[in-house]
Amino acid sequence: MLCNTRDILLRAQSGKYAVAAFNVENMEMAQAVIDAAKEEKADVIVQISTKSLKYAPAGLYAAIVSELSNKADINVALHLDHCTDQELAVKTAECFSSIMIDASKCTLEENIRATKYVLSACRAKNVTVEAELGMVGGKEDDIVCDKTDIYAKVEDCVRFVKETDVDSLAVGIGTMHGVYKGEPKINVERLKEIRAAVNVPLVLHGASGLSSEIVRECISEGISKVNFATELRIAFTQAVKKSLEFNENVIDPKVYLKSGYLAVKELVKEKIELCSMK
Ligand code: G3H
Ligand code: ZN
């Protein structure tokens with residue numbers, strides 16, 4: 001059965017480690033993430049981007065991930081990532097266990113309003129909600145960050161958490177979605193200030209391409225959930241390409257998709273170990 005993210009993130013917060021969250025695009029990537037987490041005996045969050053809901057319906061992802069989680073003796077949450085549409089967020093909560101309402105491009109007041117609206121619908125279904133303050137740079141789905149002031153402000157976080165009682169909060173501290181161009185400038189000081197000011201589990205987006213040292217530093221300064229997407233896509237696609245190049249005559253998708261599965265599984269195990277802080 002799917003779990004929501006409340007207990008697994010609160011446990012991570014008090015244990016000073018992070019739950020790794022992975023965006024998956026298809027069944028093989030979902031299998032790879034859950035099989036890796038099973039081997040690592042770790043809680044895990046499987047994420048579906050909002051754009052992916054145009055590729056396949058939410059219920060189909062939910063059926064796949066629920067079936068896999070039923071056969072796993074670990075906690076698995078299914079999370080909708082970066083949803084800017086309140087109605088879609090509420091609708092998806094019918095079959096997902098966790099939802100991100102991303103109104104980070106709006107004013108603080110609008111962000112609070114949108115988050116409260118989604119929260120009120122999700123609470124009744126025992127579905128948890130993540131919101132975002134500040135901005136993650138780069139591009140995720142069709143959300144492009146065009147703000148220059150991307151860092152979450154401490155006073156905004158305090159007000160936001162007080163007024164919404166949100167379950168987890170993504171904070172813009174200088175990370176970017178996609179492939180980093182140049183050295184990322186992560187504002188760890190701001191993270192520390194936010195951590196000291198609010199009690200809610202904090203989320204780091206845009207973790208692909210960050211060094212292990214930076215990820216560890218962010219976790220030790222208060223991050224409880226770390227999101228990985230781009231690195232999984234790269235690993236899956238490169239492995240499938242290689243498999244097809246190696247055997248041009250292959251026509252069975254099970255053969256080359258298996259290579260993608262294996263590459264993602266290996267990567268996910270590394271990221272889970274990194275987030276475990278052991
Ligand atoms: O929401 C998803 C993430 O923030 C992943 O970012 O593509 O840089 O790993 P990434
Ligand atoms: Zn993100």
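The values are calculated or read from the model by the stated rules, or taken from the named source; none is laboratory data. Fair warning: this is a prediction, and the values are worked out from it, not measured in the lab. Note that we place each Cβ from the backbone using ideal geometry, even for glycine, and neighbour counts take in every protein chain shown. Remember, those area values only see protein heavy atoms, side chains included, never the ligands or the DNA or RNA. Shrake-Rupley method; radii C 1.70, N 1.55, O 1.52, S 1.80 Å.
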DSSP-loop GluC sites (Glu not before Pro) across the range 235-278, with at most 12 other Cβ within 10 angstrom: E248
Neighbour net charge for S69 - beta-carbon separation under 13 angstrom, K R +1, D E -1: -2
Sum of side-chain charges, T5 neighbourhood, beta-carbon under 10 Å (Lys, Arg +1; Asp, Glu -1): -2
Helix 253-276 axis, angle to the chain major axis (alpha carbon atoms, nearest 10°): 40
The range 22-68, accessible area per residue, ligands and nucleic acids excluded (1.4 Å, Å²): 39
Residue-count net charge about L60 - beta-carbon cut-off 13 Å; Lys, Arg +1, Asp, Glu -1: -1
Value at 222 nm in deg cm²/dmol, rounded to 500, when DSSP H runs of n ≥ 4 in the chain each add -39,500 (n - 2.57): -15000 deg cm²/dmol
Partner aspartates and glutamates for K185 [C-alpha distance under 15 Å; skip if fewer than 8 residues away on the same chain]: D149, E213, E217
Highest to lowest packing among 71-82, 168-179, scored as the average C-beta count within 10 Å: 168-179, 71-82
Whole-percent carbon and sulfur share, accessible surface of the chain, 1.4 Å: 53
Cα-based reach from K71 at 16 Å (exclusive), listing aspartates and glutamates while leaving out same-chain residues under 8 positions away: E28, D35, E39, E40, D43
Set K54/K162; K51/K192; K125/K258; K116/K225 screened for pairs whose C-alpha atoms are more than 24 Å apart: K54/K162; K51/K192; K125/K258
Ordering of 183-192, 98-107, 126-135, 214-223 by burial proxy (mean other Cβ atoms within 10 Å per residue, highest first): 126-135, 98-107, 214-223, 183-192
Column: log10 I(q)/I(0), Debye, Cα scatterers of the range 199-278, q = 0.13, 0.22, 0.26 Å⁻¹: -0.50, -0.94, -1.16
